[in-house]
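Each reported figure results from applying straightforward, stated rules to the coordinates on display, with no laboratory input. Given the structure is predicted, the values throughout are model-derived calculations rather than measurements. Ideal geometry is used to build each Cβ from the backbone, glycine not excepted, and the neighbour counts take in all protein chains shown.
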Ligand code: C5P
């Protein structure tokens, strides 16, 4: 599976989801954002975006697929395309079709990934020759997670999340991804967050030591996500799903980003245990579950 495919009609790009393998908050910044330290990994669960020349002036965005997304300026795909064409000072007519396979508001970064994929693909499709540095600047203006999706597939992200240090050692993994039928608001989860500087120092020392030794696997086992408490206080139903998933798998289950999705790293798991877990979470909580892997790009 490659990210870009040239088709007879135009260019197709895949936009992979991410999970946060660790997520620490160092504190609140004067600009209202939180200072983040997060190991993020792309996974092989993707939205698809198709680019064709349009017939009407401007950008036409059509959204399709199992999950809903807005089809105008509220969509980061539309905004990314607009900003890129403005930067190139070109008013081209482009038809963009977004196939939304990943639900928004789940901490999987799909909107941000769609935006990053749009910047990369439209630059190619329309031969805009915008530099990678300029693409990064546009990405940062669209959202905190967008820059990561221009790089990866595994990186340590700091600042608002927009400063990316790629991790060069590979960390292959299989995970059970659990997607509750709940959409969280990143903004609300952050504003409900109560900072715990002691926990931050403790976890940061440990994680930095592991990362210095290239032991991403040890860092991941900590299941460190400082937004989890805030998310579960706002959504007690997610706390219940988390508890049930840990009981059913007999393993740690971690929250991705500000939720609602959770994942459990798999190591020689009995497939019947995993299947039973998926079935129970579907019946009791209407969760979607799927097995995912680390993405190669
Ligand atoms: O940057 P993005 O639009 O993804 O962020 C959504 C909201 O999440 C921000 O408006 C902010 O309230 C919160 N946030 C934060 N600190 C971060 C990232 C996001 O407080 N590092």
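In the chain, the longest principal axis of the Cα atoms and the axis of helix 236-249 are about 70 degrees apart. Relative to the longest principal axis of the Cα atoms of the chain, the long axis of helix 197-212 lies at roughly 70 degrees. By definition, a body whose alpha carbon gyration tensor gives a ≥ b ≥ c is oblate when a/c is 1.5 or more and a/b is not larger than b/c, and the range 156-297 fits this oblate description.
Taking only Cα atoms and a 10 Å spring cutoff, compute GNM fluctuations for the chain and point out the largest among 273, 102, 25. Highest fluctuation of the listed residues: 273. Considering only 236, 166, 180, the mean-square fluctuation computed in a Gaussian network model of the chain, springs between alpha carbons under 10 angstrom, is largest for 236.
With the highest mean first, a sort of the peptides 86-98, 112-124, 256-268 on other beta-carbon atoms found within 10 angstrom per residue produces 112-124, 256-268, 86-98. Each residue, residue 194 and residue 174, gets one label point 7 Å from its Cα in the Cβ direction; the gap between the two is 4.1 nm.
With R₀ set to 22 Å, the beta-carbon distance separating residue 282 from residue 239 gives a calculated FRET efficiency near 0.75.
Mean residue ellipticity, 222 nm, helices only, the chain: the sum of -39500 (n - 2.57) across DSSP H runs of n ≥ 4, divided by residue count and rounded to 500, is -11000 deg cm²/dmol. Placing dummy labels 7 Å off each Cα toward the beta-carbon, the span from residue 187 to residue 5 is 3.6 nm.
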